[in-house]
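Structure, as structure tokens:
The values are calculated or read from the model by the stated rules, or taken from the named source; none is laboratory data. From a predicted model like this one, the values you see are computed outputs, not experimental measurements. Neighbour counts run over all protein chains shown; Cβ positions are idealised from the backbone, glycine included. These area figures cover heavy atoms from the full protein model, side chains too; ligands, DNA and RNA do not enter into them. Shrake-Rupley method; radii C 1.70, N 1.55, O 1.52, S 1.80 Å.
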Amino acid sequence: MPENAHDAVEVISAKRDRLELSGSQIDWVIGAYTRGEVADEQMSSLAMAILLNGMNRREISRWTGAMIASGERMDFSTLSRPTADKHSTGGVGDKITLPLAPLVAACGVAVPQLSGRGLGHTGGTLDKLEAIAGWRAGLSNEEMFAQLESVGAVVCAAGDGLAPADKKLYALRDVTGTVEAIPLIASSIMSKKIAEGTGALVLDVKVGTGAFMKSVESARELAETMVALGQDAGVHTVALLTDMSTPLGLSAGNAVEVQESVDVLAGGGPADVVELTLALAREMLAGAGRGDVDPAEVLASGRAMDVWRRMIRAQDGDPDAPLPRARESHVVAAPSSGVLTRLDAMAVGMAAWRLGAGRARKEDPVQAGAGVVWHARPGDTVTAGEPLLTLLTDDPERFDRALASLEDGYDIAPAGTPYEPTPLVIDRIA
Ligand code: URA
């Protein structure tokens, strides 16, 4: 296709007028935007037209393909074992990658997980792992390949070579109110995962107050769109819709979530974290053709913990080093006795973020020790005056704002009030 086959105004006007974009218009606009020939203001106008008028399955598939083609595509087909990866759309207390990657590797399936840093109220996997002394997120492709062969699991930063069009477009969407478009979210996530070269993919699509998708309907639409994109690209893809109205586990932050993950690998840890880790592991193993292996047995055997230790060491981390602790803590006591009937994921996520566990801008540092620990989960009995939450930070001046975000963050009902738990796994889309 000649490089000047189209012009930006023609493509924007077509989507503004609700027309279907042609394959050549899509290839051209993504390529030209990546090369800097379509201006940011033109691409933001097109992104807004897509947010308002949508794209059909053919357009989304072509858009994703064009973003993949903007960069390199990794290939793990020469590894001695099959590969499977997991992507979560982001939630509060979502440390699942940490126990999941070594567990699936211990079951015989390699996990090449290219991850990101957190922005806003949801934490980033790399931020959590960077709480471990010495651990290094940046690996070359050769190091990644070698670690996958020797250890079986790698969690590292995605290099600049993967889907550069998405990198540029995501940053633009972030500042133009166009993040929420399902076709753009689906193509953004799937272009990176398909370019990463995994053989099987499990999507953990979060639903609820602490998630991108607040309703089951919108989460299902996103999941179905992503599953179709994966299948079109020949990647065995399944999605679980999982609850994110309550935060996962008993902590949100960086070092505190590493500790909780190590507890799971040691055979303990909160029941919901164990349940979701095993549910996702089963899907990854089945997708990679190893559905005969029982991850619960492997977790109980301690083999996943061995892989965790090797995985951390391979990236220069010390799995035995004490984890950083925040300098200051503040305990929130339960204001009354009864049953905790709600702990809001968004409120907890905002509090952890305001305490320093997350960042407001890409370049901000995070505090390894900051975060929130909760001492009860919905359905548990609490006693007036006993600790309900502990807030952790290095900067005590952050407590007031964190407390403000928790003000309407939980409900305690009189003892004996029936409590109906929300299922953790809401649906499965294949
Ligand atoms: N995560 C991504 O990688 N892209 C999006 O568009 C939204 C969430």
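Structural remarks
- When Rg and Dmax are taken over the Cα atoms of the range 154-226, they come to 13.0, 34 Å.
- The amide H of S115, built 1.01 Å from its N in the peptide plane, has C156, A157, A158 as neighbours under 5 Å, considering only residues 5 or more places off or on other chains.
- Each residue of the range 343-356 was assigned a 3J(HN,Hα) from its phi angle through the Karplus curve 6.51 cos²θ - 1.76 cosθ + 1.60 (θ = phi - 60°); the sequence is 10, 7, 4, 5, 4, 5, x, 5, 5, 4, 5, 5, 7, x Hz, with glycine and proline shown as x.
- Long-range HN-HN contacts of V382 with modeled amide H, under 5 Å: G338, V339, L340
- Integer Hz, Karplus 6.51/-1.76/1.60 couplings in order for the range 372-380, x for Gly and Pro: 10, 10, 10, 9, 8, 10, x, x, 7
- Euclidean distance of C-alpha centroids, the range 9-77 and the range 309-342, integer Å: 42
- Atom-type composition of the exposed protein surface of the range 7-47 places 49 percent of the accessible area on carbon and sulfur (1.4 angstrom probe).
- Signed unit charges on C-beta, dipole axis of the chain, positive-most listed residue P247, L392, G65: G65
- Taking the Cα centre of the chain as origin and assigning +1 to Lys and Arg Cβ atoms and -1 to Asp and Glu Cβ atoms, the resulting dipole is close to 280 debye.
- The phi-based Karplus calculation (6.51 cos²θ - 1.76 cosθ + 1.60; θ = phi - 60°) puts the 3J(HN,Hα) values of the range 326-332 at 5, 6, 10, 9, 9, 9, 9 Hz, whole numbers, x for Gly and Pro.
- Nearest-ten-degree value, helix 141-150 long axis tilted from longest Cα axis of the chain: 50
- Residues of type lysines that K362 reaches as a straight line, Cα spacing below 29 Å, ignoring anything fewer than 8 places off in the same chain: K86, K95, K128, K167, K168, K192, K193, K206, K214
- Taking amide H atoms as placed 1.01 Å from N in the peptide plane, the amide H of M213 lies under 5 Å from those of G208, each 5 or more residues away in sequence or on another chain.
- Helix-only mean residue ellipticity at 222 nm for the chain, each DSSP H run of n ≥ 4 adding -39500 (n - 2.57), per residue, nearest 500: -12500 deg cm²/dmol
- Within the accessible area of the range 200-335 (1.4 Å probe), percent carbon and sulfur: 49
- Heavy atoms of the protein chains alone define the surface here; on that basis the chain has 40 Å² accessible area per residue at 1.4 Å probe size.
- Potential lengthening of the chain between S13 and D318 amounts to 104.3 nm, from the contour at 0.36 nm per residue minus the alpha-carbon distance.
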